[in-house]
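Some notes on the structure that comes next.
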There are 2 protein chains.
Amino acid sequence: MNCILLPVENVSSGVAHITALTQISHVQTVLNAAVGDTLKIGQLGGNLGTAVIDSMTAECIQLINVKLDMCPPAKLDLTVVLALPRPKVLRRLIMDMTALGVRDIILVNSYRTQKSYWQSPMLERLDEFVLEGLQQGIDTIAPTITLEKRFKPFVEDKLASWIKGSAIAAHPYGAQSFSQFLRQQPSLGLPSLVCIGAEGGWIDYEIALLAAQHCDAVHIGPRILRTEAAVNAILGQWLL
Amino acid sequence: MNCILLPVENVSSGVAHITALTQISHVQTVLNAAVGDTLKIGQLGGNLGTAVIDSMTAECIQLINVKLDMCPPAKLDLTVVLALPRPKVLRRLIMDMTALGVRDIILVNSYRTQKSYWQSPMLERLDEFVLEGLQQGIDTIAPTITLEKRFKPFVEDKLASWIKGSAIAAHPYGAQSFSQFLRQQPSLGLPSLVCIGAEGGWIDYEIALLAAQHCDAVHIGPRILRTEAAVNAILGQWLL
């Protein structure tokens, strides 16, 4: 938690209140902060800044001298289409994509997504994971998250409307590498949409449907990475 | 587990045996493989290839038609100096760096590394995490792992001997970005050594000691990533 994000209703005219217990616990036990200390805070959907602890109980921390004068960092011009992963890794993936600044996240079904994943209670907690990611990455603007439970209708009817520039699908058996793809169309820059499979990746049928929508299969070398590692390794290109 | 790596003594003249219980369990319950099926295997420190299941019990899988005719992928020309992280994330970090193909890993003390981390039983299990990483990344050659419990003597007396080209220290408050660093010395290409802090990063004193050894502080933008995400986002540059 590199900043503490507060909902709009907790901030007004120079005073703010931290009422979420996870945030209070973080201030008290991780930061070991005391009355008079300055905290890095932000307003969800608004600016970043600082505030000073005025009083502190187990239920509420009152902040004064609230200054929210810094814009959040720019979002990446990027949509990530991610095959719904195992619930266990969903939290970290949503956190990481949020912290990296992905603007739009689409969780889509895939052949290798088990049906039970769509019933996971973790899917009810996406806002919580986004908040964690924003507080990690020091941002205030949540990405959009869209759930698409049917792969083929999504790809055939909706995918094109999400693609603003070029698009790729990460695929260990893609004919070209990501760098070859970038060199072939240097004027386009980085793609605006990236499809990343869950463990086991996309099957050929899915890759063919994506290719029909001008979403080219690219690989990042012979090594197969965990989904989490692959997402960060690929999206790291947008940070340079 | 994208391939099953066997120790040298388990492979001889066309026949091999899987005797590790985690591997047997993977073959039987994840791959659902049966007698006659072909498996992707490798020999630790040797080649990759395939073999056919000849017989299978709960204690041993016998493989025949063992063909080990593929070289493992090239290692990255890269040494990662990583501040010893929380034991909980050590496993995934070692796995990911191994799967990415890092040649040398140095786990070093840092101001923000808690002393207790050096007593963690996880440090006894590094070989196990390396094996997981190799089986994930489809490689057979383990990275070297060196433990350096004293930061200053390591940096002042040993670091220079590890640097073959240029070197960087990832630091959110570095004066230049990673891409600026690369543009300033295009002939050198990617650095041969990267220092990455644990949660909270390096302190200024550490950055100054590293800089004195020509290890330049670079940032990757205003967003702060989890150590795991940062390692993958930074090392992803080597995959392009």
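The values are calculated or read from the model by the stated rules, or taken from the named source; none is laboratory data. On a predicted model such as this, the values are computed, not experimentally measured, just so you know. Positions of Cβ are backbone-derived with ideal geometry, glycine not excepted, and every protein chain shown enters the neighbour counts.
With respect to B:Leu63, is the statement that it is over 15 Å from B:Val130 (Cα atoms) and touching a Pro at 6+ places or on another chain (Cβ under 9 Å) true? No: the conditions fail for B:Leu63. When region B:208-240 is filtered for residues that are crowded, with 20+ Cβ neighbours inside 10 Å, within 16 Å of B:Gln176 (Cα to Cα), among the hydrophobic types (A, V, I, L, M, F, W, C) and over 18 Å from the mean Cα position of the chain (by Cα), the ones remaining, listed by number, are B:Leu210, B:Cys215, B:Ala217, B:Val218, B:Ile220, B:Ile224.
When region B:28-56 is examined, which residues are found to be under 20 Å from A:Arg226 (Cβ atoms) and β-branched (Val, Ile, Thr)? Once the filter is applied, which keeps residues that are under 20 Å from A:Arg226 (Cβ atoms) and β-branched (Val, Ile, Thr), region B:28-56 yields B:Thr29, B:Val30.
Just for region B:136-175: of the residues that are within 12 Å of another protein chain (Cβ to nearest Cβ) and out of contact with any helix residue (DSSP H, G or I) (no Cβ under 8 Å at 6 or more places or on another chain), which one is modelled with the lowest pLDDT? Here the residue is B:Pro172. Using the structure shown, decide if A:Val89 is under 19 Å from B:Glu228 (Cβ atoms), touching a residue at least 40 places away in the same chain (Cβ under 8 Å) and among the aliphatic types (A, V, I, L, M). So A:Val89 fits the description; yes. Answer yes if at least one residue in region B:43-55 is among the hydrophobic types (A, V, I, L, M, F, W, C), modelled with pLDDT under 95, farther than 30 Å from B:Cys215 by Cβ and outside the structural domain of B:Gly200 (by TED's automatic domain parsing), and no otherwise. Within region B:43-55 (the criterion being among the hydrophobic types (A, V, I, L, M, F, W, C), modelled with pLDDT under 95, farther than 30 Å from B:Cys215 by Cβ and outside the structural domain of B:Gly200 (by TED's automatic domain parsing)), the answer is no, since none of the residues qualifies. Contact map, region B:53-70: first residue closer than 10 Å to B:Thr38 by Cα, second residue of a type in the set (Asp, Glu) and assigned to a strand (DSSP E or B), Cβ cut-off under 8 Å, separation 6 or more or different chains; pairs are B:Leu63/B:Asp54; B:Ile64/B:Asp54. A count restricted to region B:87-113 and to residues that are within 14 Å of chain A (Cβ to nearest Cβ) and either touching a Leu at 6+ places or on another chain (Cβ under 9 Å) or more than 23 Å from B:Ala217 (Cα to Cα) (or both) stands at 15. The set of residues in region A:123-157 that are in a helix (DSSP H, G or I) and either surrounded by fewer than 16 Cβ atoms within 10 Å (Cβ to Cβ) or charged (D, E, K, R) (or both) comprises A:Leu123, A:Glu124, A:Arg125, A:Asp127, A:Glu128, A:Glu132, A:Lys152, A:Pro153, A:Glu156, A:Asp157.
Restricting to region B:216-240, name every residue that is more than 7 Å from every other protein chain (Cβ to nearest Cβ) and of a type in the set (Val, Ile, Thr). Those that are more than 7 Å from every other protein chain (Cβ to nearest Cβ) and of a type in the set (Val, Ile, Thr): B:Val218, B:Thr227, B:Val231.
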